[in-house]
Amino acid sequence: PIALQNLLAGASSDALDGASLPSFLQPDKEDIKNGLEGCIGNTPLVRIRSLSEYLGCEVLAKAEFLNPGGSPKDRVALSIILKAEEEGRLRPFSGDKLFEGTVGSTGVSLAHICRARGYLAHICMPSDQSLEKSNLLLKLGAVVERVTPAPIVDRKQFVNLAKSRAIELTADCSTPARGFFADQFENEANWKAHFETTGPEIYRQCGKKLDAFVAGAGTGGTISGVVKYLKQYLPNLTAILADPQGSGLLNKVKYGVMFNEITEREGTRRRSQVDTIVEGIGINRVTANFEAGRELIDDAIRVSDEEACLMARYLVEQDGLFVGSSSAVNCVAVVKLVKERGWENSNRRIVTILCDSGSRHLSKFWAKIGDIGGRWDTTIEDILKAGEQK
Ligand code: PMP
């Protein structure tokens, strides 16, 4: 029998013969993380057994949901804050305040790290978002401002509001405190965090051998940073954008222009809202962080809500992996990539990202999927069939 200690985290695959103990069981080796920040990154690269066996390729996923804030945004939040400190725009325990407009994981990561480094986080979000999200941020010690939903051109739109709040605080002569606008979409510390950490980790964990990288884009920081890093050493790597329905990025990658099904139907009227149940990825504008790596992305694959829901079910049923919507989109895109290119049984190694856990998506994505109970019947064919119907 395989010893439990060899199966657990820290054991490399060559330790499975029992010859060597994983480092955390070696008595003379200290392994201590320095605070919350010390727990960020160095996430495991996980072989997804079901997909690998079905496709005859090695499907590996970076388990970013294991970051302390539950997503890759921990890396980004830390990178943005460290850069601001370096530039003297944030000073610990000085009353300086960080502002961001976000409805997602970035707020959670910023709230955690701000507290760890002596800042208040002030998060602006639209009031139509679930109370679950704002309550979590309040418990993490952030100030939350819920504002009436407004178009991006409106001064009171949540991102614009966060920016103006930061400017107001800095300009306020009654206090020496400064406001800092994190600006995850345009702040290039975002893709650089992935260039400096996620990319090198994947390259090392793969022993320098991988054939394709697949990821979605919300700000574009992950895909730009990782692909920019990997292509320096692996110029033949196939880099694929996984794009949910309604997002305009697919056409930007494929044809160099920003339009989507909705804007086509409605003429030139721009829709910034993406019509999908998937959260965190899919966008209808090109951000600085997406632009940073755009030319290195080889192709894009469309994924429907239906396909993403079935994939999320499949991963629980087959692998016990409980993932959020963007992770499911990534995995559907991996399957479609292999099928489209005829890579079945080629043993190619494809890396993707498991961004966050299903527990962040109970009230929307997983509410639509429903309970799995004792069922064990979702197949890849079901997922592909759902794609054909679109
Ligand atoms: N998945 C989830 C759950 C996210 O919150 C985000 C970030 N918005 C992404 C994926 C995409 O990451 P990026 O912003 O680096 O493109």
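Quick notes
- Residue in segment 333-344 that is crowded, with 24+ Cβ neighbours inside 10 Å and within 16 Å of the ligand (Cβ to nearest atom) present: yes
- Residue satisfying all of: in segment 272-324; small (Gly, Ala, Ser) and within 20 Å of Glu53 (Cα to Cα); farthest from the chain's Cα centre (by Cα) among these: Gly320
- Considering segment 188-212, and only residues there that are without any contact (Cβ under 8 Å) to a residue 40 or more places away in the chain and not in a loop (DSSP other than H, G, I, E, B), the residue that is surrounded by the fewest Cβ atoms within 10 Å (Cβ to Cβ) turns out to be Arg204.
- Within segment 313-327, considering residues that are out of contact with any Lys or Arg (no Cβ under 9 Å at 6 or more places or on another chain) and in a helix (DSSP H, G or I), the one surrounded by the fewest Cβ atoms within 10 Å (Cβ to Cβ): Val316
- Top-ranked residue of segment 291-303 - restricted to ones that are touching a residue at least 40 places away in the same chain (Cβ under 8 Å) and in a helix (DSSP H, G or I), ranked as farthest from the ligand (Cβ to nearest atom): Leu296
Let's see how each residue does on (1) hydroxyl-bearing (Ser, Thr, Tyr); (2) in contact with a strand residue (DSSP E or B) (Cβ under 9 Å, 6 or more places away or on another chain):
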{"residue": "Ile81", "(1), (2)": "no, yes"}
{"residue": "Glu85", "(1), (2)": "no, no"}
{"residue": "Ser109", "(1), (2)": "yes, no"}
{"residue": "Tyr119", "(1), (2)": "yes, yes"}
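- Any hit, segment 263-274, residues being within 13 Å of the ligand (Cβ to nearest atom) and either basic (Lys, Arg) or at pLDDT 95 or above (or both): no
- Selection within segment 103-149 - closer than 23 Å to Ala171 by Cβ and surrounded by fewer than 16 Cβ atoms within 10 Å (Cβ to Cβ): Gly118, Val143
- Screening the candidates Leu138, Leu98, Leu110, Leu120 for the property of being over 20 Å from Ile283 (Cα atoms) and either of a type in the set (Gly, Ala, Ser) or within 15 Å of the ligand (Cβ to nearest atom) (or both) yields one hit, Leu110.
- Residue that is surrounded by the most Cβ atoms within 10 Å (Cβ to Cβ) [pool: residues in segment 345-388 that are part of a loop (DSSP other than H, G, I, E, B) and hydroxyl-bearing (Ser, Thr, Tyr)]: Thr378
- Test: residue in segment 84-92 that is within 18 Å of Gly38 (Cβ to Cβ) and part of a helix (DSSP H, G or I): yes
- For segment 238-262, the candidate set comprises residues that are part of a loop (DSSP other than H, G, I, E, B) and modelled with pLDDT under 65; within that set, the residue that is surrounded by the fewest Cβ atoms within 10 Å (Cβ to Cβ) is Phe259.
- In segment 173-187, the residues that are away from the ligand (no atom under 12 Å from the Cβ) and crowded, with 19+ Cβ neighbours inside 10 Å: Arg178, Gly179, Phe180, Phe181, Ala182, Asp183
- Residue satisfying all of: in segment 30-72; within 13 Å of the ligand (Cβ to nearest atom) and out of contact with any Leu (no Cβ under 8 Å at 6 or more places or on another chain); farthest from Lys208 (Cα to Cα) among these: Gly69
- Filtering segment 229-246 to residues that are away from the ligand (no atom under 11 Å from the Cβ) and touching an Asp or Glu at 6+ places or on another chain (Cβ under 9 Å) leaves Tyr229, Leu234, Asn236, Leu237, Thr238, Ala239, Ile240, Gln245, Gly246.
- For segment 213-228, a residue qualifies if it is buried (at least 24 other Cβ atoms within 10 Å of the Cβ) and more than 10 Å from the ligand (Cβ to nearest atom), and the qualifying residues are Phe213, Val214, Val227.
- Scanning segment 83-102 for residues that are without any contact (Cβ under 8 Å) to a residue 40 or more places away in the chain and not acidic (Asp, Glu), we see that the one that is surrounded by the most Cβ atoms within 10 Å (Cβ to Cβ) is Pro92.
- Count - residues of segment 304-332 that are touching a residue at least 24 places away in the same chain (Cβ under 8 Å) and more than 13 Å from the ligand (Cβ to nearest atom): 17
- Search result, residues across segment 120-160 that are in contact (Cβ under 8 Å) with a residue 24 or more places away in the chain, assigned to a helix (DSSP H, G or I) and more than 26 Å from Arg89 (Cβ to Cβ): Glu132, Lys133, Leu136
- For the residues Val103, Val76, the requirement of being within 16 Å of the ligand (Cβ to nearest atom), farther than 19 Å from Arg178 by Cα, in a helix (DSSP H, G or I) and not acidic (Asp, Glu) singles out Val76.
The values are calculated or read from the model by the stated rules, or taken from the named source; none is laboratory data. Predicted, not measured: the structure shown is a model, and the values here were computed from it. Positions of Cβ are backbone-derived with ideal geometry, glycine not excepted, and every protein chain shown enters the neighbour counts.
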